[in-house]
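Here is the structure we will look at, set down as structure tokens.
The values are calculated or read from the model by the stated rules, or taken from the named source; none is laboratory data. All values reported here derive from a predicted model rather than from experimental measurement. Every residue, glycine among them, receives a Cβ derived from its backbone with ideal geometry; neighbour counts consider all protein chains shown. For the accessible areas, the whole protein counts, side chains as well, though only heavy atoms, and no ligand, DNA or RNA atoms are used. Shrake-Rupley method; radii C 1.70, N 1.55, O 1.52, S 1.80 Å.
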Amino acid sequence: MSEPRTITLLTADHGPVTVTCPAWCGGHADHRPDTYRADLDHKSPEHRLTHNGELLWTAFLGESPFASRPEQRAIGVYVEQGSYARTLDAASLYDLAATFEAHADQLRDLADQLHALLAGEGQ
């Protein structure tokens, strides 16, 4: 087992804050020093779910250990819908449905990973 990774992040309200990053954390390269401690979070690499090169969904594991409300501190999967909007013919609609099936497999993989993390199997 590897040593826990820690990082110290500068915050606007608490100065430097040292956090332990979970193994799935993709790092904090986008951190800004004007961030409040309650807004510090860990994010896994993004899963970009696309159709014909256009973004439909973004999904990733996330955790906000200092969130102001305890229920917001739990690890979860963040899902965001893109801006895809089209009128499709039958063939294109079948193609989109096949894309959704492939994306559903990716989302199920994320759900399995989240389940394992919550069960303490993949810290």
Peptides ranked, highest mean first, by Cβ atoms within 10 Å: ranges 37-45, 71-79 = 37-45, 71-79
Lys and Arg at +1, Asp and Glu at -1: add these up for the other residues within a Cβ distance under 12 Å of Gly76 and post the number.
-> -1
In sequence order, calculated HN-Hα J values of region 100-107 (Karplus, 6.51, -1.76, 1.60; Hz; x Gly/Pro) = 4, 4, 5, 5, 4, 4, 5, 5
Computed FRET value (nearest 0.05) for Leu55 with Asp13, which takes r as the C-beta separation and R₀ as 30 Å | 0.35
Indicate the gyration tensor shape class of the chain (rounded, prolate or oblate), computed on the Cα atoms with a ≥ b ≥ c the square roots of the eigenvalues: a/c under 1.5 is rounded; otherwise a/b larger than b/c is prolate and the rest oblate.
-> prolate
Pseudo-spin-label distance Leu118 to Ala23, built 7 Å along Cα→Cβ, given in nm, is 1.9 nm
Which distance in nm do the two modelled labels at Thr99 and Ser83 give, with both placed 7 Å along the Cα-to-Cβ direction?
-> 1.6 nm
Would you mind checking region 42-58 for residues with the amide N under 16 Å from a putative spin-label position 7 Å along Cα→C-beta of Leu107?
-> 47-51, 55-58
Given a 1.4 Å probe, how much area per residue of the chain is accessible, in Å²?
-> 67 Å²
Of all accessible surface on the chain at a 1.4 Å probe, what whole percent is carbon and sulfur?
-> 51 percent
